[in-house]
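Notes to accompany the following structure.
The values are calculated or read from the model by the stated rules, or taken from the named source; none is laboratory data. Please read these numbers as outputs of a predicted model, since none were measured by experiment. Cβ placement follows ideal geometry from the backbone for every residue including glycine, while neighbour counts extend to all protein chains displayed.
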Amino acid sequence: MSNYPKQVSIVEVGARDGLQNEASVIELPVKLDFINGLLRAGLRRIEAGSFVSPKWVPQMADSADVFKGLTNGSGVTFSALTPNEKGMLAAIDAGVDEVAVFAAASESFSQRNINCSIEQSLERFEPVFTLARQHNLQVRGYVSCVMGCPYEGDINPNAVLAVSQALLDKGCYEISLGDTIGTGTPGQTERLLSTLLTTIPATNLAVHFHDTYGQALANILVALQHGISVIDAAAGGLGGCPYAAGASGNVATEDVVYMLNGMGIHSGVDLDALVATSTQIFNHLNREPASRTMRALLARHHNMF
């Protein structure tokens, strides 16, 4: 009936995919405190920044300083988004542990987001893969719009399979399937994974679901049933989606951990420590977290005193 993994690896994307959407500049010490708090909570795969043009993503302009300010412990992987050769060279200089490239399953999204076709975007990554091999760095691949596109609507699972396989063939060790606008449902997740798993092992796949329509946890449950054991999430539900009005951004790490705990699936994350860290960053941002688990636990704590 199900093939739940006994252990799940959570890739914490709040420090990059989350904070990059903030309008106000977040100081370097605040970012470092946040990431160190995530480490104390037990998270061991953290996307800490991206080496993209500061003109387009000003919040990530200090990524080199972020990586140089981090202390890497045993079993910890700090990764960065590197869309081209220039970004890759900067990432290597900063001492990243892992890099990530991104493509889309939608031609329209690719053209509007990075001004090139899917095929052209894959060609642009060639220098990144060459440098990764030379410096013994693993490359993770993101595929955007795996279930829905703001311009094309529903996406055919075979289109996702084609892009995912192309990234694996070029050298990615893992493909993170992104429901970028958060429109996917459990039925779509079932169809997508049933298609991909015919040729791609579950060990090479991760899920990255946004919670725009409140479907992220349900979609993650379907992914777990298919043996997927890597989940991207953001502390407190940090982030947003500029392509979907009212989007609430990434699924909250606290909500994922709470669900996994209830299922007896080990993640290695201390929920209370994570809530404490998320509380600090949301207090700094002066707004409420999206995570329902976090809000519930904070309210219960408040009512006890």
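Observations on the model:
- Residue check, Phe102 within 14 Å of Glu85 (Cα to Cα) and of a type in the set (Phe, Trp, Tyr): yes
- Residue list for region 181-214, restricted to those being of a type outside the set (Ser, Thr, Tyr), in contact (Cβ under 8 Å) with a residue 60 or more places away in the chain and part of a loop (DSSP other than H, G, I, E, B): Ile181, Gly182, Asp211
- Here is the figure for region 6-23: residues that are touching a residue at least 12 places away in the same chain (Cβ under 8 Å), in a loop (DSSP other than H, G, I, E, B) and more than 20 Å from Gly178 (Cβ to Cβ) total 1.
- Subset of region 42-67 that is under 30 Å from Val269 (Cα atoms) and assigned to a helix (DSSP H, G or I) - its residue that is modelled with the lowest pLDDT: Gln59
- Filter pass, Asn136 being out of contact with any Ser or Thr (no Cβ under 6 Å at 6 or more places or on another chain), without any contact (Cβ under 8 Å) to a residue 40 or more places away in the chain and either of a type in the set (A, V, I, L, M) or over 16 Å from Ile175 (Cα atoms) (or both): yes
- Subset of region 1-55 (residues that are of a type in the set (Asp, Glu), under 18 Å from the mean Cα position of the chain (by Cα) and under 15 Å from Ala276 (Cα atoms)): none
- Only one of the numbered conditions (1) of a type outside the set (Gly, Ala, Ser); (2) modelled with pLDDT of 90 or more; (3) surrounded by fewer than 24 Cβ atoms within 10 Å (Cβ to Cβ); (4) in contact with a Lys or Arg (Cβ under 8 Å, 6 or more places away or on another chain) is violated by Leu81, and that is (3).
- Of all residue pairs spaced 6 or more apart or on separate chains, those with beta-carbon atoms under 6 Å, a first member in region 250-262 that is in contact (Cβ under 8 Å) with a residue 24 or more places away in the chain and a second member that is outside any helix (DSSP H, G or I) and aromatic (Phe, Trp, Tyr) are Val251/Phe209.
- All told, Ser110 meets the bar of being among the polar types (S, T, N, Q) and touching a helix residue (DSSP H, G or I) at 6+ places or on another chain (Cβ under 6 Å).
- Qualifying position, being closer than 15 Å to Gly95 by Cβ and part of a helix (DSSP H, G or I), among Leu70, Leu39, Leu32: Leu32
- From the list Gly178, Gly171, the lone residue that is within 27 Å of Ala223 (Cβ to Cβ), crowded, with 24+ Cβ neighbours inside 10 Å and touching a residue at least 12 places away in the same chain (Cβ under 8 Å) is Gly178.
- Within region 84-116, considering residues that are part of a helix (DSSP H, G or I) and hydrophobic (A, V, I, L, M, F, W, C), the one modelled with the lowest pLDDT: Ile114
- Matching residues, region 215-237, being over 23 Å from Leu19 (Cβ atoms) and not in a helix (DSSP H, G or I): Gln215, His226, Gly227, Ile228, Ser229
- Residue check for Gly239: at positive phi and buried (at least 17 other Cβ atoms within 10 Å of the Cβ): yes
- The set of residues in region 185-209 that are crowded, with 18+ Cβ neighbours inside 10 Å and in contact with a Gly (Cβ under 6 Å, 6 or more places away or on another chain) contains only His208.
- Being of a type in the set (A, V, I, L, M, F, W, C) and within 21 Å of Ile46 (Cα to Cα) is a property that does not hold for Val222.
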